[in-house]
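The values are calculated or read from the model by the stated rules, or taken from the named source; none is laboratory data. Computed from a predicted structure; not experimentally measured. Cβ placement follows ideal geometry from the backbone for every residue including glycine, while neighbour counts extend to all protein chains displayed. Remember, those area values only see protein heavy atoms, side chains included, never the ligands or the DNA or RNA. Shrake-Rupley method; radii C 1.70, N 1.55, O 1.52, S 1.80 Å.
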Amino acid sequence: MADLSMSSAMTGPRGARPKRALSPRNIMLYGILIVVCLYYLLPLWVMVMTSLKGMPEVRMGNIFAPPVEITFQPWVKAWAEACTGLNCDGLSRGFWNSVIITVPSVILSIAIASVNGYALINWKFKGSDIFFTILIFGSFIPYQIMLYPIVILLREMGLYGSLWGLVLVHSVFGMPILTLLFRNYFSSIPEELFKAARVDGAGFWGIYFRIMLPMSLPIFVVALILQVTGIWNDFLFGVVYTKPAYYPMTVQLNNIVNSVQGVKEYNVNMAATLLTGLVPLVVYFVSGKLFVRGIAAGAVKG
Amino acid sequence: MASTTEAATGRQGTEARPRARWTRNISAKIAAIPMIATALVVFVGGTIWTVVYSFTDSKLLPRLRWVGFDQYERLWSQNRWLISIENLMFYGVMSLVFTVTMGFILAVLMDQKIRFEDTFRTIMLYPFALSFIVTGLVWQWILNPQFGIQGVVRDMGWTSFSFDPLNNPQTVLYGLLIAGLWQGTGFVMCLMLAGLRGIDEDIWKAARVDGIPTWKTYVMVIIPMMRPVFITTLVIVASGIIRLYDLVVAMTSGGPGGNASQVPAMYVYDYMFQAQNLGQGFAASTMMLLSVLIVLIPWAYLEFGGKKHG
């Protein structure tokens, strides 16, 4: 296993700060970093600026320039009026679809994965590690190879094309990384606690709900961040496993912006894009370091 | 890990009465049913199912009429598939080289005991929270020939300036790369930074005492020490690249000119769900699986080979 300890990354750099602030080395260093940051910020800036302009100004002006006249009309139109095919009720439909897809998917996948991780650490049974290894290797297999068999499974269960089918798919594909996350976290909880609870007569679920769950709230938050952004940003599963009426926001956004008919309204497109990106962005900026911890824990400890 | 195993078996021994083997630890087994079902039915079962059906002539519906390697022969004679593979190789190599080198260099810069480290990191990582669809659409707009970078530079008076990567089959992959790198480099930087912070401070002290220049310490000492981090990063980035789909859908829909920016994942989707030629889709996805195994098996060998698994 890659020996990356995120906790040491979190404590920041060690040692004394450099003394002189304006040495040539520092000017170079900060210069490069600032230029890089400008490249990273540019698309966000362009998105916000374009979405606040009227169409005449978009056609006349410079995409990097701030709007002369600020208008929120593109936002209103993107939310409530933009058309996909025959439906002209805007992105709000996709937004609510995404909400009702994301909420149960997140709850279900975290519930399953946390119990899994707990069973894998404290209640090992014959073969449990083999299933776990398959699960981890499975997470590297391209989704494309499992797309059609899942269509058949969902059809047999009568869930193909429904929201619950998609919820199930998200729970299945979220399982490897979340199980890994919880398993690694639970393994750091002292075993004596578990033993003491066993002596006191607590069973599988008793220990899970009264000891493991309350002791591992931080990792639940990390899992929550990971799943909310991951499921919100999904495109492929949304296209494959739902009907157009249930398309999540990303799919609807793509259909609005890349539709061939009609005059292109770039300001509305950018407002729509920004609206779709808003949920993960808010999660990201609110969660701060936990987000970093989540992706690093999920990705690196494999 | 070994101690946990022993302890676990010990725990099972604390049962009051001896019971039948399978009812022992029954709650844990029931709780693990979703995991077992996912591992066996979806991951193993689904993969085997697709591989098996890739040897049939399934069209609209899957059916077991064997045609041997016909689907594969057809696949490898399709111009579109060959372009897809070529594009993926080019994009993959470029993307790996750039994300890893840029990610490492940025991590080194971030590791110089700088001020505002959190601000810099927040800015570099935020694109990673966005979906490929959002990423693709923003960059499509910035690269728009009429209003984007090209238009702005032309308006400033340089009328012959040309920068329109997305509408030229020769350069469309560079356009995708600009967006892909924007989205993913911050993540690689974070992994590398964590790797750099994991290196013992004493190594740096020793290098300083010996008078080795900083850059040389990085190249000769730090990079070799970070080998596991590099390997893990490569595997994660590579397995993401093979799945590349949403970004292409959002930015170019596989165009310009029909298939200049096609990728294998798109081929699979189109044949399975649009062209209703399941056999081709299965064969193409089996090839994708093969390419992942080529990356995965050497990695698993390096990571787990030698020492006992688990």
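Annotations
- Crossing angle, helix A:163-186 versus chain A [Cα axis fit, 0-90 degrees, rounded to tens]: 60 degrees
- Restraint check, A:K289/B:K205; A:K126/A:K195; B:K113/B:K205; A:K77/A:K243, Cα-Cα greater than 18 Å: A:K289/B:K205; A:K126/A:K195; A:K77/A:K243
- C-alpha long axis of helix A:24-51 to longest principal axis of chain A, angle in °: 70 degrees
- For A:L163, net neighbour charge (Lys/Arg +1, Asp/Glu -1) across residues whose Cβ lies under 15 Å away: +1
- Backbone HN-Hα couplings from phi across the range A:144-158 [Karplus 6.51/-1.76/1.60, Hz, Gly and Pro as x]: 3, 6, 9, 4, 6, x, 5, 4, 5, 4, 5, 5, 4, 7, x
- Farthest toward positive dipole pole in the protein assembly as shown [+1 Lys/Arg, -1 Asp/Glu at C-beta], among A:F194, B:Y269, A:G117: A:F194
- Residues whose amide H falls under 5 Å from that of A:T84, counting only those 5 or more places apart or on a different chain, are A:D89, A:G90, with hydrogens built in the peptide plane.
- Among the residues of B:193-205, the average count of other protein chain beta-carbon atoms within 10 Å of the residue beta-carbon is 4.
- Across chain A: Cys residues that no other cysteine approaches within a C-beta distance under 4.7 Å: A:C37
- Measuring r between the beta carbons of B:Y301 and A:M157 and using R0 = 41 Å, the FRET efficiency lands at 0.60.
- Cα centroid separation - the range A:183-249 against the range B:34-62, whole Å: 27 Å
- With contacts taken as Cα pairs under 8 Å at a separation of at least 6 residues, the range A:92-297 carries a relative contact order of 34 percent.
- Buried area at the A-B interface (accessible, heavy atoms, 1.4 Å probe, summed, Å²): 9800 Å²
- Length-normalised contact order for the range A:16-102 - Cα pairs under 8 Å, 6+ apart - percent: 16 percent
- Environment charge at B:S291 (Cβ cut-off 14 Å; Lys +1, Arg +1, Asp -1, Glu -1): 0
- Helix A:266-287 axis, angle to chain A major axis (alpha carbon atoms, nearest 10°): 30 degrees
- Dipole check for the protein assembly as shown: with +1 at the C-beta of Lys and Arg, -1 at the C-beta of Asp and Glu, and the Cα centre as origin, the magnitude is about 1360 Debye.
- Within 10 Å of each Cβ in B:249-261, the average number of Cβ atoms from other chains: 1
- In order along the range A:118-129, the phi-based Karplus estimate (6.51 cos²θ - 1.76 cosθ + 1.60, θ = phi - 60°) of 3J(HN,Hα) comes to 5, 5, 5, 8, 9, 10, 4, 10, 4, x, 4, 5 Hz; Gly and Pro are listed as x.
- Listed peptides B:145-156, B:258-269 appear in the order B:258-269, B:145-156 once ranked by packing, highest mean of other Cβ atoms within 10 Å at the front.
- Inter-chain Cβ neighbour average for residues B:117-125, partner chain, 10 Å: 5
- Normalised by the number of residues in the range B:16-137, the mean separation of alpha-carbon contacts (under 8 Å, six or more apart) gives a relative contact order of 8 percent.
- Net +/- balance of residues flanking A:N116 in space, Cβ distance below 15 Å, scoring K and R +1, D and E -1: +2
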